[in-house]
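In what follows, a structure is listed as structure tokens, so that the remarks can point back to it.
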Amino acid sequence: MRKLVWILIAVIGVGTTTRAQSKWGEDSVKCHENLYIYYELAKNKNYTDAFDSWKYVFNNCPASSKNNVIFGPYIVEAKVKATTDAAKKEEYKKLLMQVYDKRVELYPEDEAYVLERKGLDMLQHYPDSTQKTYNTFKRALELSNEHSAAFYNAYFIAAARLFNDDVFEIKDVFQAYNVVQEGLEYNNNVLNRQIKQLKDKEESGTITDKEKTELEKAERELERFDDVASNNEKVLGPIATCEKLSLIYNKEAFEANKTDAVWLRRASKMLAKERKNDEGEYEDCTDNPIFFSVADALYQLEPSASAARSMAIMQYKNGNYSKAADYFKEAANQEVDPKKSSADYLRIAASYQKTGRLSDAKNAALKAASLRKGWGDPYILIAGLYAQADGSCGSNVFEKKAVYWAAIDKLQYARSIDPEVSGKANRLIGVYKQQLPDKSISFQLNHTEGEKYTIGCWIGETVTADWGI
């Protein structure tokens, strides 16, 4: 019996030694030494000095520590940047790709993240291999939607390059754009939920220092995603004309995809996407006859925020403004992204304005403004509401026309917080100046320059009688 126990111990010992050798290589002492040397240098960002020791570990005992493949890209990238020799530079670039491949081999659970990092470096170091880079990004997306803003920006850049190189057709660019937008939306929603939870804690005074740091980090990352969406829009804008979209989203395509929620969602968003023209007005492609069919089919399949928004646009286009407001409310109530909710409330305001519900329209516009700080469009709309109230507030010509001072105040505020609306605001200010109360008649009614006057009705604004604005 005692002999059997010793045999088992010997067997276990042999197995342990074998595993140790596979992890630490043939010379475990040397592997330990070099790992310690490069790690101490790398954690202090002395990447170039860390290279030789790291390279020994990577070649002889790569599985000894995950740090080998975590620090590896930083260490090799430092060598790429430091060398001026073309052959050596190419050698280091290949080594960089090998590090990513080794990490996937050793830690397959990291593949999505690793492919993101690899693709970003491929885009930089191998500009003539855009197709391979794009395929790397595509595989990363197949594995996960959780990627950085830089990843989604690079993914679309790769698609745009392939289009410029005549590898991609226009439909392929739109496909890439949709994929990127969906990824951005997914990550935006994750961040917005996190931000809301942390802001609720901040307002209640229960937030910790660690959570404050998390909140700041989440807000910075959200800004990065917004920047990517804006940059991609600038790239796509010139080619995403309604004419080109109609070649992809038409009756034949709808009949083939009318039960495909993904296709319907993408078609709806592409056709309803608003872009500002040279006059500062918003334009979209919802005049495409297929849009109404898409909106209805999508809402029947999944009454989501996006689907409700499409139904609202359809009702608005058809002149059913009350129904449009109801659908926009439905969209806003389901939406996670405050910017999209803000846009929904502005459309609610526009719908109410069409039906003469000016007070309700003002409240909806103010809600839109509260959800998106620094956005001038809600105040542009409120200015229009005030102008629309011409003649309905007050008992004499001065009082009835004083609404234009209130309108001008809102326009001036809009351009002060949002330079993008300055052109439109200035044009409207020029128009509204012509509608101010007649100065001589106002004096006869005992109203003087510089007087403070409070407008009644639903407006409730105090203005300064200033004919020199």
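Every read-out reported here was derived from the displayed coordinates using simple, explicitly stated rules and does not represent laboratory data. Given the structure is predicted, the values throughout are model-derived calculations rather than measurements. Methodologically, a virtual Cβ is constructed for each residue, glycine included, from the backbone with ideal geometry; neighbour enumeration extends over all protein chains shown.
With respect to the cross-link table entries LYS196/LYS234; LYS30/LYS55; LYS196/LYS373; LYS212/LYS373; LYS88/LYS118; LYS273/LYS339, which display a Cα-Cα separation exceeding 23 Å?
LYS196/LYS234
Grab the alpha carbons of region 146-303, take their convex hull, and tell me the volume per residue in Å³.
For region 146-303, the hull spanned by Cα atoms encloses 144 Å³ per residue.
Using the charge dipole of the chain (Lys, Arg: +1 at Cβ; Asp, Glu: -1 at Cβ; taken about the Cα centre), state which of ALA331, TYR126, ILE248 has its Cα farthest towards the positive end.
Going by the charge dipole, the pick is TYR126.
Dividing the alpha-carbon Rg of region 374-469 by 2.2 N^0.38 Å yields what?
That ratio works out to 1.04.
Given region 37-127, what whole percent of its Cα pairs are spread farther than 22 Å?
Pairs farther apart than 22 Å: 23 percent.
As a footprinting exposure proxy, order ASP121, ASP85 by other Cβ within 10 Å, with the fewest listed first.
Fewest-to-most Cβ neighbours within 10 Å comes out as ASP85, ASP121.
Express the relative contact order of region 374-469 as a whole percentage, based on alpha carbon pairs under 8 Å and six or more residues apart in sequence.
30 percent
How do LYS55, LYS88 line up, fewest other C-beta atoms within 10 Å first?
LYS88, LYS55
Based on the Cα gyration tensor of the chain, what are the three equivalent ellipsoid semi-axes, each the root of five times an eigenvalue, rounded to whole Å and given largest first?
Square roots of five times the eigenvalues give 59, 27, 23 Å.
Kindly provide the helix-only [θ] at 222 nm of the chain, computed as the sum of -39,500 (n - 2.57) over DSSP H runs of four or more divided by all residues, to the nearest 500 deg cm²/dmol?
-24000 deg cm²/dmol
From the phi angles alone, apply the Karplus equation (6.51, -1.76, 1.60; θ = phi - 60°) to region 25-37 and give each ³J(HN,Hα) in whole Hz, x where the residue is Gly or Pro.
Along region 25-37, the couplings run x, 6, 10, 5, 5, 5, 5, 4, 4, 5, 5, 5, 4 Hz.
When a footprinting reagent is the concern and you count Cβ atoms within 10 Å, what order do LYS424, LYS66 take, fewest first?
LYS66, LYS424
In terms of Cα to Cα distance under 20 Å, which lysines are near enough to LYS439, apart from those fewer than 8 places away along the same chain?
Filter leaves LYS400, LYS401, LYS452.
I'm checking a number: the convex hull volume of the Cα atoms of region 264-409, normalised per residue, in Å³. What is it?
Per-residue hull volume (Cα only) is 114 Å³.
Report the Cα centroid-to-centroid distance between region 34-108 and region 386-454 in angstrom, as an integer.
After rounding, the separation between the Cα centres reads 67 Å.
Using every Cα-Cα pair within region 258-343, state what percent have a distance larger than 19 Å.
Cα-Cα pairs in region 258-343 separated by more than 19 Å: 35 percent.
Test of understanding: given the chain, find the longest segment containing no GluC sites (Glu not before Pro) that are in a DSSP loop and have at most 15 other Cβ atoms within 10 Å.
282-448
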